[in-house]
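Values in this text are rule-based calculations from the coordinates and carry no lab data. Note that the structure is a prediction, hence the values are computed from the model and not measured. So basically every Cβ, Gly included, is an ideal-geometry build from the backbone, and we count neighbours across all protein chains shown.
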Amino acid sequence: MGAGPQKTYAVQRQPAAGSCRYRYEKGEPLEDTSCTPGAISPAVTQATLASTICRKGGYTKGIRPPESVTGPEKRANAASYGYTGRLGDAEYDHLISLELGGDPNDARNLWVEPPDPGHKTGSGANNLKDPVESKLHTAVCSGKTTLKAAQQAIVTDWTTALSRLGLAPADPGARIAVFYAARLPAGQRPSVAAANEEGAPTPWHRPDLDCRG
């Protein structure tokens, strides 16, 4: 457990340079569990959901550390993981996101997350972990799953977190396809059934982002 939200944040010491190693699941980057095991905020519990992450008007904006703190941390953490790509294309990510009660500035809960497969260099940070976190947040606040279960699922493997909790198809390729399909105009969106059909020829299929292996 971390320290929780603070009025002011200090730059946190990061793991030694080169001491952390990325893992990959069907091409998607995962954290080194020894360096980034995750840390939760003591302010967010199942009993405080309505006054914290599920409250109307939002919660995370008011507890997020400033760039003056996260900037130096991100550069140091990139060295920890041996990340040599463009920092602007990587996200300094909360393993347990703030919207799931993750600690805002505990070094155990932050890592430089590389861009997803197929990412265009220089186009900024983008990753498929974000929509997973949003769906878990919705599930927690609607009572479909508990806070603890969502936190454990994201720490275990964010690419399987939704299916582990029965919130999405087990096939990660299908989840990614559905995510991109949602960005198409309504008249061009395929059915969910088509999205879940292995190998189905669809107009929104992105071979460069296919994680079905």
Discussion item. Between Cys141 and Lys56, what is the label-point separation in nm under the 7 Å Cα-to-beta-carbon projection?
Written reply: 1.2
Discussion item. Between Leu87 and Gln152, what is 0.36 nm times their sequence separation minus the Cα-Cα distance? Round to one decimal in nm.
Written reply: 20.6 nm
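At a 10 angstrom cut-off on C-beta neighbours, averaged per residue, how do the peptides 94-103, 33-42 rank from highest to lowest?
Packing proxy ranking, top to bottom: 94-103, 33-42.
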Worksheet, complete the sentence: With no solvent term and unit scatterers on the alpha-carbon positions of the stretch 1-125, Debye gives log₁₀ I(q)/I(0) at q = 0.15, 0.19 Å⁻¹ of -0.71, -1.06
Discussion item. 5 Å is the cut-off here: which amide hydrogens, built 1.01 Å from N in the peptide plane, fall below it relative to Leu110, excluding neighbours closer than 5 in sequence?
Written reply: Leu95
Fill in: Net charge over other residues, Cβ less than 13 angstrom from the Cβ of Ser68 (K, R count +1; D, E count -1)
+1
Response to the item:
The answer for Glu25, listing residues at least 5 apart or on another chain whose modeled amide H is closer than 5 Å to its amide H, is Leu30
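Using a 10 Å cut-off on Cβ atoms, rank the peptides 105-117, 75-87 from the highest mean neighbour count down. Intermediate values should be presented prior to the final figure.
Working: 105-117: 22.7, 75-87: 17.3.
So the order, starting with the most tightly packed, is 105-117, 75-87.
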